[in-house]
Amino acid sequence: MLRSDRHVRILDHVAAQGSADVTQLSRLLGVSQATVRRDLRHLSDQRLLERTHGGALPGGLSIELPLQHRADQRSPQKQAIARAAADLVPDGAVVGLTGGTTTTEVARILADRGPVTIVTNAVNIAAALVLRPTVTLIVIGGTARSESYELVGPIAEKTLADHHTDIAFLGVDGISAAHGCTTHDQLEAATDRAFARHSGRTVVVADHSKIGRTTFAKICPAADVHCLITDAEAPSAQLDGIAAVGVAVTVV
């Protein structure tokens, strides 16, 4: 198992169980306890968890994993969601894309299909698309967030106010009928809100782990979203509540 894969498994296990000890993690990962201790030290140095005597605790009530630790999580679901999202885009459309692992999948599919104009604040998406001949790429400036590879803040919001997209795909950290779309960072929330405000149609792409979840900063009410695309493991009661406020829900 690759080191990055071990880190994702450790973070998932600690978040799900509330704690973990070195012996448990050693058995779970099939590696030595010395390797687990080195992994825990690395994750603790990044403030992704809190080390204890013999184990670890979650680093916070609602942890935001940096993008490099999220890239391979639930990839089959994310790819299916991305394919359904790309099907909503007409030929020649202008598409807004915020950062996130699922929106990155949408970008890849649209670039392969082309031609398309993509407006994004995600530097990893921009780097993947900049040499694609079928993509007209517009990158929104701003302050870089290392956790999400996004450019956010007043510069990004001003630039978005001067443009209009036909459809915008938002990656969120949580969506619920009661609290709407949320993310971990206030500046990111404001930039995402600008994407939605200046688009003809707003689509949230979110796997089941985000459904019914609420994080710190509100992007917009659920009623401002035209469509939610998620996977079949999403809790049906939460999806019913989101649909009840007028969101078209697609389950793949």
Inset, instruction - Being within 15 Å of Val94 (Cβ to Cβ), open to solvent by 30 Å² or more (accessible area, probe 1.4 Å) and in contact with a Gly (Cβ under 9 Å, 6 or more places away or on another chain) is the filter here, so list the residues in region 118-148 that pass it. - result: Thr134
Inset, instruction - Determine which single condition Gly114 fails, assuming it passes every other condition in (1) touching a helix residue (DSSP H, G or I) at 6+ places or on another chain (Cβ under 8 Å); (2) open to solvent by less than 30 Å² (accessible area, probe 1.4 Å). - result: (1)
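For every residue, the table says whether it meets (1) at pLDDT 95 or above; (2) farther than 24 Å from Ile109 by Cα; (3) within 18 Å of the chain's Cα centre (by Cα); (4) not in a loop (DSSP other than H, G, I, E, B).
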{"residue": "Ser148", "(1), (2), (3), (4)": "no, no, yes, no"}
{"residue": "Ile155", "(1), (2), (3), (4)": "yes, yes, no, yes"}
{"residue": "Leu160", "(1), (2), (3), (4)": "yes, no, no, yes"}
{"residue": "Thr214", "(1), (2), (3), (4)": "no, yes, yes, no"}
{"residue": "Ala223", "(1), (2), (3), (4)": "yes, yes, no, yes"}
{"residue": "Glu233", "(1), (2), (3), (4)": "no, no, yes, no"}
Legend entry - Matching residues, region 197-212, being under 27 Å from Asp12 (Cβ atoms), out of contact with any Pro (no Cβ under 8 Å at 6 or more places or on another chain) and not in a strand (DSSP E or B): Ala206, Asp207, Ser209, Lys210
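Quick grid of which residues meet (1) over 27 Å from Ala156 (Cβ atoms); (2) modelled with pLDDT of 95 or more:
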position	(1), (2)
Leu40	yes, no
Glu50	yes, no
Gln73	no, no
Arg83	yes, yes
Val89	no, yes
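Which of the following residues is under 17 Å from Arg201 (Cβ atoms), among the aliphatic types (A, V, I, L, M) and touching a residue at least 24 places away in the same chain (Cβ under 8 Å): Ala93, Ala122, Ala111?
Numbers: Ala122 fails: under 17 Å from Arg201 (Cβ atoms); Ala111 fails: under 17 Å from Arg201 (Cβ atoms).
Being under 17 Å from Arg201 (Cβ atoms), among the aliphatic types (A, V, I, L, M) and touching a residue at least 24 places away in the same chain (Cβ under 8 Å) holds for just one of Ala93, Ala122, Ala111, which is Ala93.
Filter region 1-51 for residues that are assigned to a helix (DSSP H, G or I) and of a type in the set (Lys, Arg); which is least open to solvent (accessible area, probe 1.4 Å)?
If we filter region 1-51 for residues that are assigned to a helix (DSSP H, G or I), which is where we start, we get 3-17, 22-29, 33-45.
Subsequent filtering for residues that are of a type in the set (Lys, Arg) retains 3, 6, 9, 27, 37-38, 41.
Values: Arg3: 125, Arg6: 30, Arg9: 93, Arg27: 181, Arg37: 99, Arg38: 132, Arg41: 112 Å².
Result: Arg6.
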Inset, instruction - Please list, ordered by first then second residue, the pairs with beta carbon atoms under 8 Å, 6 or more apart or interchain, first in region 158-184 and without any contact (Cβ under 8 Å) to a residue 24 or more places away in the chain, second surrounded by fewer than 20 Cβ atoms within 10 Å (Cβ to Cβ). - result: Thr159/Gly141
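The values are calculated or read from the model by the stated rules, or taken from the named source; none is laboratory data. These numbers were taken from a predicted model, which means no experiment stands behind them. Glycine also receives a Cβ, built like all others from the backbone with ideal geometry; neighbour counts cover every protein chain displayed. Surface areas here come from the heavy atoms of the whole protein model, side chains and all, with no ligands, DNA or RNA. Shrake-Rupley method; radii C 1.70, N 1.55, O 1.52, S 1.80 Å.
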